[in-house]
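Accompanying notes for the structure given below.
What follows is calculated from the coordinates using simple rules that are stated; it is not laboratory data. Just so we're clear, the structure is a prediction, and the values are computed from it rather than from any experiment. Cβ placement follows ideal geometry from the backbone for every residue including glycine, while neighbour counts extend to all protein chains displayed.
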């Protein structure tokens, strides 16, 4: 079953990057245009069409609709995973599911138990790391589910300057 990316992207409580520029260039200094703020929202179990910007008429979502109207919406992006951890891994790393190290919501790997999901490996480059390298300050808020804090999957070890949330 293919699930549209908006199912995962436009609602709060995702283990998501919420990066913002570390410092906006002063436009009067001639240093070029300011980089945009980036707010990436990922939600579990949000169905296509459950927000006004995708056609929902019964439930009002004006703030999310405004964000979607001013930014980028994913209209033809699908996840190859039926559960949250691999979908999060794919979105965070940009890897195809066949190349991602997290394949299910299991809680043990090679005999080691993890409270939550398996950790992203140290060699995986996340969107947070790429944005940080480009000069952005990064923060993740909400559900993480990509490794406990004492592993390579910790959000702080995966490029986030700040994280406030939980591992499922």
Q.
Between the stretch 118-168 and the stretch 77-95, what is the separation of their alpha carbon centroids in Å?
A. 15
Q | Gyration tensor over alpha-carbon atoms, the stretch 64-105, equivalent ellipsoid semi-axes in Å | A | 25, 10, 9
**Q.** Shape parameters for the stretch 49-155, alpha-carbon atoms, Rg then Dmax in Å
**A.** 16.3, 48
**Q.** Approximate spin-label separation residue 57-residue 150, in nm, with each point projected 7 Å along Cα-to-Cβ
**A.** 5.4
Q | Contour minus Cα-Cα distance for residue 70 and residue 99 (0.36 nm per residue) | A | 7.1 nm
Q) What order do you get for 117-123, 68-74 when each peptide is scored by the mean count of other beta carbon atoms within 10 Å, highest first? A) 117-123, 68-74
Q. Taking the simple approach of a point 7 Å from Cα along Cα-to-Cβ for both residue 35 and residue 130, what is their distance in nm?
A. 1.3
Q.
For a test of the definition: using alpha carbon positions, the gyration tensor, and the 1.5 limit on a/c, classify the stretch 119-168 as rounded, prolate or oblate.
A. oblate
Q. How far, in nm, would the chain grow between residue 137 and residue 45 when pulled straight, counting 0.36 nm per residue and subtracting the alpha carbon separation?
A. 30.3 nm
